[in-house]
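Throughout, read-outs are computed from the coordinates displayed, never taken from laboratory work. Because the structure is predicted, anything quoted here is derived from the model rather than measured. Cβ coordinates were reconstructed from backbone atoms using ideal geometry, including for glycine residues, and neighbour counts include every protein chain displayed.
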Amino acid sequence: MKIGWLTLLLLLPFVGALATMLVPKAKALVAKQVALAFSLVTLVLTAIVAVGYHQDGAEKYAESHTWIKAFGANYALGLDGVGVVLVVLTALLTPIVIIASWNDADNGRWSSKSFFAWILALEALSIGVFAATDVFLFYVLFEATLIPMYFLIGGFGGAQRSYAAVKFLLYSLLGGLLMLASVVGLYVLSARAGDPSYLLTDLVKLDMSENTERWLFLGFFFAFAVKAPMVPFHTWLPDAAGEATPGTSVLLVGILDKIGTFGMIRFCLGLFPNASEWATPVVLVLALISVLYGALLAIGQTDIKRLIAYTSISHFGFIVMGIFALTSQGLVGSTLYMFNHGLSTAALFLVAGYLISRRGSARIADYGGVEKVAPVLAGTFLFAGLSSLALPGLSPFISEFMVLAGVFSKHKVIAVIAVVGIVLAALYILLMYQRTMTGPVREGIEKLTDLNKREIFAIVPLVVLIIGLGIFPKPVVDIIKPAVESTMQRVGVTDKAPQIPVTEGQK
Amino acid sequence: MIGLILPSADFVAPKIEYNELMPLLVVFGAACVGVIAEAFLPRAWRHLVQLAITLVAIIVAGVLTGFLIADEKELVAALGAISVDGPALFTWLILLALTLVSVLLFAERSLDGGLSAFAGQAAAVPGSEAEREGTAARLEHTEIFPLTLFAVGGMMLFASANDLLVLFVALEVFSLPLYLLCGLARRRRLISQEAAMKYFLLGAFASAFLLFGIALLYGYAGTMSLGGIADALQTQTGGDAILLAGTGLIAVGLLFKVGAVPFHSWTPDVYQGAPTPVTGFMAACTKIAAFIGLMRVFYVALGGTRWDWAPMMWVVAILTMVVGSIVAITQTDVKRMLAYSSIAHAGFLLTAFVGLAQAGSGVTNGVTSTQAVLFYLVTYGFSTIGAFAVVTLVRDAGGEATHLSRWAGLGKKSPLLAGIFAFFLLSFAGIPLTAGFTGKWAVFSAAWTGGAWPLVVVAVLSSLIAAFFYVRVIVLMFFSDLPTDAPDVVLPGWQTTTAVALGLAATVILGLVPGPVLELAARAGEFIR
């Protein structure tokens, strides 16, 4: 049997995880090197796939085998524009996190090799989630990602980590199990129509009554809303991100939470277009609340990691808003936002992690005047913060702008209110910077060392990409656009014709 | 109905289908041989010989059942008393497979100073001089092996009974050995005997309900055979009161054995008190036999009145899932926790049962109730015996350390054992890539196919509650500190190792590639009469 590209992408990190676990305990360094090597090979392979996708299209990568015939489940992988972007993000962030967390797990409850093995396992499962074109396979991998993340949070982190891990797991399971009910419902519909099949291509042909579609939609949407997370199902995120190591937080917010917004595009819009349109008003209001509430709470935080977690809730509000605006501009913007948010939040979490590991405290009040002692650290922190608040010229700006523009063309009031979120973003980032980095050097800060080479090495790719995509986002947008257009067709909505003609190239 | 007619001179011997009934006969025959061996063999030989007889009988019966399945022979045997149909054969096969694993656990002797987990001399008063002398003389009750064979034979008969009277006899045949086995623990004998007493009294009570129900149904239909009752439902008018009362009473008797709420209260006490290998055997095999018996009676005989009993079963299913999951949270003993978890699992099984997704009732595609239940029972049975096998290995001076607080930090002490137990728990919780998930999926889809989608919603919410207490144990094992007086993890002999390995392998394989077993369960088809 020929092994497909995507299967290879999925297997490689798995093999890496096993290999990492097999390294003897005494040779912790070798285990880390093995993990890094596997993640880098995966990255190279992903790059080849992404370039190939750009040139030859998606057909080359689709694979499908019957898995459980009685359930209609298939082992089916494939790519679309949205999937490619997120697979690339996953493959990119994993080696960065491994480098940045090189010493983070050394004094944990468990051996450090298990930390890196769980990271690789998570990478494999996440790639599978973004590539699955069968609902059953997607669900299985979606739930399976909880296990590595649960052990990453619970095994390596702050004092309250076990509480945070359980809270994370239970919230996710609540969403996941309700989704299971919807997944089972899809099976029943599919079996009534003929031979049961979970392939997305078969499911889109199903006829559903209005009520059925709405109920099934709600099951899926709830799971994704918990995952994303949207207010009011967000309270697990600050706890989890606050207790986990910075590397884990990056994987959690940067990759795992994207499954929620990814799922909204692929499954909510893709399978239940009418119900999605029906739910738009409520979802948009919830997203708006997420934007504002997340930002307001971020301003009030005293803990750096929790603050960043709340900023993400605000950002995810923007992403969901862009998706459910149901305009192509909003959808492209949201997908781009997912990618850019992964980059900027990764940078912010990692630099904050560097800072916290030096002082041994995550409290904002314990810092002051860091920029005098460790200028490079302060500089990267400011850069990451500015990208998070969507400074023009950096990549998040473009996506945030597109989302707002996309929402504005259909829902003016919501877009106008959402703009307040940008102002609040400036507040929470700059206030945090001011309190920690400027002012007189606080006690305990004098001896703070600046970033070492390894730490800088982990951040540089993020900085380069944030600036690069801020100036020239076209390659990513080109990949996303076709996928968004087919989704828009499926939903059956068209963009409102602009009243003032726009010139080509504004997008 | 028919008066006393003396048989005329030419007596015709009834035709018995020996070939099809051979698995049953092998098991019962071996049990009798075991009893004789117990009487005549010298003590030193008994353990080995009994184990050999039991294992050979189970394997031979299993192979014969396999042949019957391969031949696709389905018939009603022994003058309509026993129905050797697809579901019955499948059930025989899983019962025999799980009994094989359980017998390995029964035979384990390296955990407790070279002696088995069963009392040396059941008649000796606990704590007495006689008991100490018995232990010093290394006495063992090897009667457990024939008892087990009688129990599994009764279960096989129960799952294939096509006649209410045979059903009742089979129930007693498998219950009586179990009552005995429950009281035979070597450690903590008082609660073991208490468990046996409770189980016996409540079991007798439930049997009485069942018998009364049978009597009423006989009064309604004038026959004991399941097919005859189904025919009477079609033709007979009037007598509904007696029919409904009979249905309700039979349901009580059967749901008691299944361990469904509100007839579950014996489960935690008995599971806790019984010797752990026996608990595993009961939790897996009794549930399987009882469930198939329940389905057979209600689908075959009472299928015509399903609109009368389905609402009652809806309520029982919801209660079982919710109570099982919620009460499990408060448990502090690992065996009691697993007992409540088995109650919750009975609830999940009931959803498929009341889903009534049958090939006959207009459902042409998709998973049927029988298929889903059979498959779920396989996944549940192997994980359950595996989990109880792990429980036997965590010991301190007083025997098994079953209090949950004693399990703190187990992941530090023995990562392998704690990892395996965590895997079983994840399977019980229904996390994907484990057998528990595919099983849950099957029963939920059967329930929904039959239109019982509200039950599916209740089921997923109970699954969440259940997940909470499974995860709590994982947290305890992996994220808590190891106390100084932590119990030891005993190195098991080959018997327990094999049992755990089989349970683990089944849980992994049925989670990843459930296809073949599902196909087999689908081929089992429906009950015949």
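Quick notes on this structure:
- Filter result for B:ASP488 (of a type in the set (Asp, Glu) and within 11 Å of another protein chain (Cβ to nearest Cβ)): no
- Taken over the stretch B:170-195, the criterion of being within 18 Å of B:GLY293 (Cβ to Cβ) and of a type in the set (Gly, Ala, Ser) is satisfied by B:ALA170, B:SER175.
- In the stretch B:409-434, the residue that is farthest from the other protein chains (Cβ to nearest Cβ) out of those that are more than 17 Å from B:LEU502 (Cβ to Cβ), touching a Ser or Thr at 6+ places or on another chain (Cβ under 9 Å) and assigned to a loop (DSSP other than H, G, I, E, B) is B:GLY409.
- Restricted to helices (runs of 4 or more DSSP H) entirely inside the stretch A:201-270, those with at least 1 residues that are closer than 23 Å to A:GLY81 by Cα and touching a residue at least 24 places away in the same chain (Cβ under 8 Å) are A:210-227, A:258-263.
- Selection status of B:SER445, farther than 19 Å from B:LEU491 by Cα, within 14 Å of chain A (Cβ to nearest Cβ) and polar (S, T, N, Q): yes
- Taking the stretch B:394-403 as the range and being touching a residue at least 60 places away in the same chain (Cβ under 8 Å) and surrounded by fewer than 19 Cβ atoms within 10 Å (Cβ to Cβ) as the test, the residues that pass are B:ASP396, B:GLY398, B:GLY399, B:HIS403.
- From B:ALA357, B:ALA372, B:ALA344, residue being closer than 24 Å to B:PHE158 by Cα, within 14 Å of another protein chain (Cβ to nearest Cβ) and outside any helix (DSSP H, G or I): B:ALA357
- Scanning the stretch A:431-461 for residues that are closer than 12 Å to A:ALA365 by Cα and without any contact (Cβ under 8 Å) to a residue 12 or more places away in the chain, we see that the one that is surrounded by the fewest Cβ atoms within 10 Å (Cβ to Cβ) is A:GLU443.
- Which numbered condition A:ILE289 fails, given (1) crowded, with 21+ Cβ neighbours inside 10 Å; (2) part of a helix (DSSP H, G or I); (3) out of contact with any His (no Cβ under 9 Å at 6 or more places or on another chain): (1)
- Scope the stretch A:123-147; condition within 14 Å of another protein chain (Cβ to nearest Cβ) and aliphatic (A, V, I, L, M); matching residues: A:ALA124, A:LEU125, A:VAL129, A:ALA132, A:VAL135, A:LEU137, A:VAL140, A:LEU141, A:ALA144, A:LEU146, A:ILE147
- Here B:ALA357 passes the criteria (1) free of Cβ contacts under 8 Å to residues at least 40 places away in the same chain; (2) buried (at least 24 other Cβ atoms within 10 Å of the Cβ) except the one numbered (1).
- The selection criterion, being surrounded by 23 or more Cβ atoms within 10 Å (Cβ to Cβ) and among the charged types (D, E, K, R), holds for B:LYS257.
- Every test in (1) over 18 Å from A:THR261 (Cβ atoms); (2) crowded, with 21+ Cβ neighbours inside 10 Å; (3) at the interface with chain B (Cβ under 10 Å from one of its Cβ atoms) is passed by A:TYR163 save one, and that test is (2).
- Residue check, A:LEU86 part of a loop (DSSP other than H, G, I, E, B) and within 25 Å of A:HIS54 (Cβ to Cβ): no
- Residue satisfying all of: in the stretch A:99-122; under 18 Å from B:GLY419 (Cα atoms) and assigned to a loop (DSSP other than H, G, I, E, B); farthest from the other protein chains (Cβ to nearest Cβ) among these: A:SER111
- For A:TYR61, the criteria (1) of a type in the set (Phe, Trp, Tyr); (2) farther than 30 Å from A:ILE456 by Cβ; (3) within 14 Å of chain B (Cβ to nearest Cβ) hold in every case but one, which is (3).
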